[in-house]
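Following: one structure in structure tokens, then a few remarks.
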Amino acid sequence: MIDLEIKQKIDCTGCYACFNICPKNCIEMENDYEGFWYPKVDSNECIKCEQCIRVCPILNKTIVENEPMAYACYNKDENIRINSSSGGIFTLVAEEIINRGGVVFGVGFDEDFNVAHSYVESYGELDRFRGSKYVQSKIGDTFKQAKDFLDQGREVLFTGTPCQIAGLKSYIGKDYNNLFCMDNICHGVPSPKVWRKYVDFRERKSGSKVQRISFRLKDEGWKRFSVSFLFENNTEYRDNLRNDFYMRAFLKDVCLRPSCYACEFKTLNRESDITMADFWGIQRILPEMDDDKGTSLIFVNSPKGQAMIEKVKDKMIYKLVDIHQAVSFNSAAIKSVKLNPNRENFFEELDELDFDKLVKKYCADKLSIRVKRKIITIGIFILKKTGTLNLVKSILRKN
């Protein structure tokens with residue numbers, strides 16, 4: 001049984017492959033106290049077929065050997081680009097799939113602003129998937145749904161994190177010419193429980209229910225994007241990524257899933273057909289493609305991925321780049337984040353402290369030792385120059 005095979009929480013990504021494969025539907029994905037999902041098997045119903053074990057992408061790692069190519073690119077449609085996290089390339093691929101009569105699976109908010117996977121079949125519905133959601137999404141039974149569409153002969157675009165794409169591929173178990181997968185360069189996935197606490201915190205502060213959320217408004221530019229909550233009382237909360245409490249916790253790596261600190265899918269050799277990311281460092285590599293409206297970095301990982309780029313290239317500005325140079329500014333492609341030493345205490349007090357106090361306590365920016373020494377050196381220099389150093393020493397000795 002899969003829950004007996006997972007010896008440590010670091011060994012489970014919560015991809016839901018085992019949940020989807022179980023022929024007896026006896027696996028539930030249960031939340032732990034941090035809010036992350038892990039499989040729990042009903043031993044009374046289990047027939048010990050071990051399909052859940054064989055489908056796990058961690059226990060059965062797929063070795064991918066390819067030679068990905070990298071592009072800097074962005075959508076020529078300025079409206080789509082501005083309303084996308086980076087360059088609006090997802091929309092081009094999704095529209096092409098829908099144009100062929102296909103189905104697009106992606107990540108959106110449900111009616112309570114929890115983050116979950118679902119599918120759409122029309123252009124007008126794509127907006128719900130556009131833009132980043134910095135929360136682990138609930139896959140649910142979307143792997144089953146995707147396979148049903150594939151078996152019907154329809155084209156399917158499935159987007160998700162690298163571990164989710166690995167789970168989908170393992171669940172499906174064979175190559176489908178009509179399956180197209182896009183993953184992203186993933187920093188790590190925060191806890192859905194932490195996200196829920198933050199939404200509740202914002203609603204209490206506004207005195208109203210939220211009606212729209214955006215993680216990546218570009219009102220201050222692409223590089224300094226803002227988080228926005230629009231409430232039913234027509235008020236809005238908006239602040240940039242450096243000040244927003246949730247983004248500070250996310251970027252301090254204090255609320256990520258345990259597996260994210262030792263991610264098995266940090267590699268240039270991916271199972272997806274195309275990998276998407278923000279092209280951080282574009283101003284250094286291709287400054288002519290940086291207008292602070294959003295530029296995408298994409299890896300083309302397969303012949304299907306290259307064929308897709310050929311289909312949509314007339315709708316985007318693009319340029320081939322050296323993948324290793326691009327990754328030097330996007331290390332999340334190949335390196336896991338470091339475990340924040342405050343993580344355990346952060347979760348222990350998640351239910352006790354108001355969200356703002358929690359983040360201020362465990363996510364404060366601390367001066368480096370080098371900076372502290374420099375400040376002390378400058379202070380001593382000023383005291384010497386003003387002739388007050390001996391006076392300060394005298395006062396300190398008396399106290």
Close pairs from the stretch 78-92: first within 19 Å of residue 158 (Cα to Cα), partner in a helix (DSSP H, G or I) and of a type in the set (Phe, Trp, Tyr), Cβ under 8 Å, at least 6 apart: 84/90
Just for the stretch 175-205: of the residues that are under 18 Å from residue 337 (Cβ atoms), hydrophobic (A, V, I, L, M, F, W, C) and touching a Leu at 6+ places or on another chain (Cβ under 7 Å), which one is most open to solvent (accessible area, probe 1.4 Å)? 189
If only one of 201, 215 is touching a Phe, Trp or Tyr at 6+ places or on another chain (Cβ under 8 Å) and either charged (D, E, K, R) or not in a helix (DSSP H, G or I) (or both), which one is it? 215
So which residues in the stretch 240-265 are among the acidic types (Asp, Glu) and in contact with a strand residue (DSSP E or B) (Cβ under 6 Å, 6 or more places away or on another chain), if there are any at all? 244
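Filter the stretch 329-350 for residues that are part of a loop (DSSP other than H, G, I, E, B), without any contact (Cβ under 8 Å) to a residue 60 or more places away in the chain and open to solvent by 80 Å² or more (accessible area, probe 1.4 Å) and give the result. Walk me through how you get there before you give the answer.
Start the filter on the stretch 329-350 by keeping residues that are part of a loop (DSSP other than H, G, I, E, B), which leaves 329-330, 334-342, 349-350.
Narrowing the set further to residues that are without any contact (Cβ under 8 Å) to a residue 60 or more places away in the chain leaves 329, 341, 349.
Answer for the stretch 329-350, where residues must be part of a loop (DSSP other than H, G, I, E, B), without any contact (Cβ under 8 Å) to a residue 60 or more places away in the chain and open to solvent by 80 Å² or more (accessible area, probe 1.4 Å): just 341.
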Could you grab me the full set of residues in the stretch 225-239 that are open to solvent by less than 50 Å² (accessible area, probe 1.4 Å) and within 29 Å of residue 283 (Cβ to Cβ)? 225, 226, 227, 228, 239
Could you check how many residues of the stretch 119-157 are open to solvent by 20 Å² or more (accessible area, probe 1.4 Å) and assigned to a helix (DSSP H, G or I)? 11
Quick check on the stretch 25-49: of everything there that is in contact (Cβ under 8 Å) with a residue 24 or more places away in the chain and over 22 Å from the mean Cα position of the chain (by Cα), which residue is nearest to residue 196 (Cα to Cα)? 40
Residue 222 is checked against (1) farther than 30 Å from residue 61 by Cα; (2) in a loop (DSSP other than H, G, I, E, B); (3) open to solvent by 10 Å² or more (accessible area, probe 1.4 Å); (4) of a type in the set (Phe, Trp, Tyr) and fails just one. What number does that condition carry? (3)
Need a quick list: helices (runs of 4 or more DSSP H) entirely within the stretch 1-118 having at least 2 residues that are at pLDDT 95 or above, of a type outside the set (A, V, I, L, M, F, W, C) and more than 30 Å from residue 290 (Cα to Cα). 51-55
Under 9 Å between Cβ atoms, which residue pairs at least 6 apart in sequence (or on different chains) link something in the stretch 351-365 that is on the phi < 0 side of the Ramachandran plot with a partner that is exposed (fewer than 12 other Cβ atoms within 10 Å of the Cβ)? 351/33; 354/204; 358/352
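Just one of 202, 100 is among the charged types (D, E, K, R) and either within 25 Å of residue 300 (Cβ to Cβ) or under 16 Å from the mean Cα position of the chain (by Cα) (or both); which is it? Walk me through it before giving the result.
Working: 202 fails: either within 25 Å of residue 300 (Cβ to Cβ) or under 16 Å from the mean Cα position of the chain (by Cα) (or both).
Of the residues listed, the single one that is among the charged types (D, E, K, R) and either within 25 Å of residue 300 (Cβ to Cβ) or under 16 Å from the mean Cα position of the chain (by Cα) (or both) is 100.
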Test of understanding: among 304, 319, 313, which residue is within 23 Å of residue 222 (Cα to Cα), open to solvent by 20 Å² or more (accessible area, probe 1.4 Å) and touching a strand residue (DSSP E or B) at 6+ places or on another chain (Cβ under 8 Å)? 319
Please determine whether any residue of the stretch 285-298 is crowded, with 17+ Cβ neighbours inside 10 Å, in contact with a helix residue (DSSP H, G or I) (Cβ under 9 Å, 6 or more places away or on another chain), farther than 24 Å from residue 266 by Cα and free of Cβ contacts under 8 Å to residues at least 40 places away in the same chain. yes
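Within the stretch 60-72, can one find any residue that is closer than 26 Å to residue 121 by Cβ and either open to solvent by less than 50 Å² (accessible area, probe 1.4 Å) or among the hydroxyl-bearing types (Ser, Thr, Tyr) (or both)? Spell out how you get there, then give the answer.
Taking the stretch 60-72 first, the residues closer than 26 Å to residue 121 by Cβ are none.
No, because not a single residue in the stretch 60-72 is closer than 26 Å to residue 121 by Cβ and either open to solvent by less than 50 Å² (accessible area, probe 1.4 Å) or among the hydroxyl-bearing types (Ser, Thr, Tyr) (or both).
The values are calculated or read from the model by the stated rules, or taken from the named source; none is laboratory data. Bear in mind the structure is a predicted one, so any value in this text is a computation, not a measurement. Here Cβ is always computed from backbone atoms with ideal geometry, including for glycine, and neighbour counts include all displayed protein chains. Keep in mind that these areas ignore ligands, DNA and RNA; they rest on the heavy atoms of the full protein, side chains included. Shrake-Rupley method; radii C 1.70, N 1.55, O 1.52, S 1.80 Å.
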